[in-house]
Structures are given as structure tokens and as C-alpha cells.
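Report on one structure; see the data block that follows.
The values are calculated or read from the model by the stated rules, or taken from the named source; none is laboratory data. This structure is a prediction, so every number in the text was calculated from the model and none was measured. All Cβ positions, even for glycine, are placed from backbone atoms using ideal geometry, and neighbour counts span all protein chains on display. For accessibility, only protein heavy atoms count, side chains too; no ligands or nucleic acids. Shrake-Rupley method; radii C 1.70, N 1.55, O 1.52, S 1.80 Å.
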Amino acid sequence: MAVFGTSEAKVLMPRNIADGMITESRSSSVVAKLSAREPQRFGEQDYIIFNDFPKAEFVEEGAQKSSTTGGFTSVTSKPRKAQVTMRFNEEVQWADEDHQLGVLRTLSESGAVALSRALDLGLIHRINPLTGSVISAWDNYLTASTNTVEYGNADADEEIRSAAGLLINGAPSKAVNGIALAPKTVWDLSSLKTNYGTAEASSMQRYPQLGLGTSMDSFLGLNAAVGDTVAGTPEATDTGVRAIVGDFASGIRWGVQRELPVELIRFGDPDGQGDLKRSNQIALRLEIVYGWYAFTDRFAIVKETAGAEG
């Protein structure tokens, strides 16, 4: 049986390919590496926030109970749809099933990377990956945090410590359990030398476990993830963000509200690249609907100034 039918517009992604796509999507995103995905229903979703911890009261036998403190408000996550549309020569419809499955694998591998990067770029920066532009209508994104440390004035590890200190020493204190790093930052960290308490540096790496700084999964006791989406590149101009420190365990609530099947498009101009029939092409479209909310006060941003970005 052919993978691409002759009449149905929706193509069911084979389960083994779909599972691999979801796994690859998670592994390519710094948000997904550091924050657990949670089940979500479609549409806006409310999260309850306690404004103050309720305080317990010891009550003597026979004594009256007092009203305890603590109030709450709520925030709302909104659905965000991301899509990838890829064109193929229409001859793939007439190829054998193995070849058609290969086309779906190509779509799933490329689409998984694109959709995972979309999660990072949207949630961290509110950037549209295709255009590299900011979506000004979105008001909830991670780098809207007002907790900031300027990058480049001291050693990279000291600036990361300073960012964590903004949260840990705040009132109330915030949890710090994860860090997202731009590749430039990891390189800078791997290049630091020990100085034995003197101004003159030695030839020994301060963090030898980082090697050349190409990857890492922990730093200073924090879960770590490295990705160029932290700086917003290459889809957008470098934002200057070099590290994000904070409560990735509970400061980000995100999930996939809908994993839509592949849509087979035979007619029209679905992506602004010209009429499909005229070009002897078909298009395959892969869509996913995310929902997320970032508690920006639980994060600190280490960022270069515009003039210092390299």
C-alpha cells in the first residue's frame, strides 16, 4: 500500500518515524532538555500562582484556629502553532513504498530540528524562525526577565555566579537548577585558566572537563544545555544573550497541545513559492501546537551589550 494516497489530504506518519521525530525534537531544544514537557489540552491553560506561602499554626487543645495567610492569582499559557512545509517533485507519489517512507523520514528529521528550534526561539526570544523577526504581540518570553548581568566585564564563570546570585539572594529567594548556554560562552569557559590566587594565569584549564567547549550537560552543579538558539542565531541577528540561569524545573510550563499529521498538498501555492501543479511538485506540511508560560522573575539573563557582541 502506498504511503501517499490518491485522495486523502492527511497522511499518517508511521509510528516508528513519528516516535523518532519527537525524540529528536526534544534532544535538539535547550528548553526541552532542561524543562520537562507536560500534558496539555488544546487552547489557553491557566496556572495557579500562590502570592505567599501559607503559614501553618500550632493550636493548643481547645483553642480557636486563626485564618492562615496566603493568596493566589493565575497566569495563562496560549497555544502557539509552528509549521514546516517542504516541497518535493510530484513523482514521489508514484514511487514505491520504501521510497515514499524515505521521503517521510527526510521530512521528520528536518522537521524535528526545525520545530524544536522553534520552541526555543519562540519561548526564549519571541522570534519567528522563518523571518528572524520579533513577534511583538507576544508578551510572555524568557528574556523579558529584568534580572540581567552584563557579559564581558569579568570572567564568564563569575558573571554566571552573579546571575545566579540575583535569584538566590532575592526576596523571596528563587530556585536555581539549570543553565542554558550559548556556544560562545562555553568556549569562553573552556578557555579560562587557573590563577592560584594571583593575577597571573597558569597554563591549566580552570574547567578541564569542558575540553574545547563543544558540549556540556552540567556546570557548577547545575543541569546545563548548549545551543545557538540561546543567542537566537542563525535564524535572527545575535541577541547578545550568552546564558540563562534559573528555575528550569518549574519556572517554565510547556507542552505539546497537538501533534498534527502530515498534510499532503497537491494544489495551490501553500508557501508563497509558486503554484504546485505548474512546478510539478507536491508539498508536505508538518505542524505542531505548543503551549507555554515562562515565569520570567525566576530567571536571570547574562547578556552582551549591543556594541560588545562578537
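Residues that are within 16 Å of VAL302 (Cβ to Cβ) and either assigned to a helix (DSSP H, G or I) or open to solvent by 30 Å² or more (accessible area, probe 1.4 Å) (or both) occur at least once in segment 189-200. Remark: pairs (first residue in segment 207-230, in a strand (DSSP E or B); second residue surrounded by 16 or more Cβ atoms within 10 Å (Cβ to Cβ) and at pLDDT below 90; Cβ separation under 7 Å; 6+ apart in sequence or on different chains) = ALA224/MET216; VAL226/MET216. If you go through segment 137-163 and keep only what is modelled with pLDDT of 95 or more, of a type in the set (S, T, N, Q) and within 20 Å of the chain's Cα centre (by Cα), you end up with THR143, SER145, THR146, ASN147, THR148.
In the set THR185, THR237, THR214, which member is of a type in the set (Ser, Thr, Tyr), in contact with a Gly (Cβ under 9 Å, 6 or more places away or on another chain) and either open to solvent by 60 Å² or more (accessible area, probe 1.4 Å) or over 29 Å from VAL113 (Cα atoms) (or both)? Talk me through it step by step, then tell me what you get.
Values: THR185 fails: either open to solvent by 60 Å² or more (accessible area, probe 1.4 Å) or over 29 Å from VAL113 (Cα atoms) (or both); THR214 fails: in contact with a Gly (Cβ under 9 Å, 6 or more places away or on another chain).
The match here is THR237.
In segment 177-194, the residues that are on the phi < 0 side of the Ramachandran plot form Cβ pairs under 6 Å with partners that are in a helix (DSSP H, G or I) and small (Gly, Ala, Ser), at six or more places apart or across chains, as follows: THR185/ALA156; ASP188/ALA156; LEU189/ALA156. Among the numbered conditions (1) touching a Pro at 6+ places or on another chain (Cβ under 6 Å); (2) assigned to a strand (DSSP E or B), the only one that ALA243 does not meet is (1). With respect to the conditions (1) in a strand (DSSP E or B); (2) among the polar types (S, T, N, Q); (3) within 19 Å of THR143 (Cα to Cα), THR233 falls short on a single one, namely (1). Looking only at residues of segment 217-234 that are polar (S, T, N, Q) and in contact with a Lys or Arg (Cβ under 9 Å, 6 or more places away or on another chain), we find that the one that is most open to solvent (accessible area, probe 1.4 Å) is ASN223. Have a look at ARG258, ARG253 and point out the one that is open to solvent by 10 Å² or more (accessible area, probe 1.4 Å), modelled with pLDDT under 80 and within 22 Å of ALA32 (Cα to Cα). Going through ARG258, ARG253 in turn, the sole match is ARG258. Scanning segment 269-301 for residues that are surrounded by fewer than 19 Cβ atoms within 10 Å (Cβ to Cβ) and hydrophobic (A, V, I, L, M, F, W, C) yields a single hit, VAL289.
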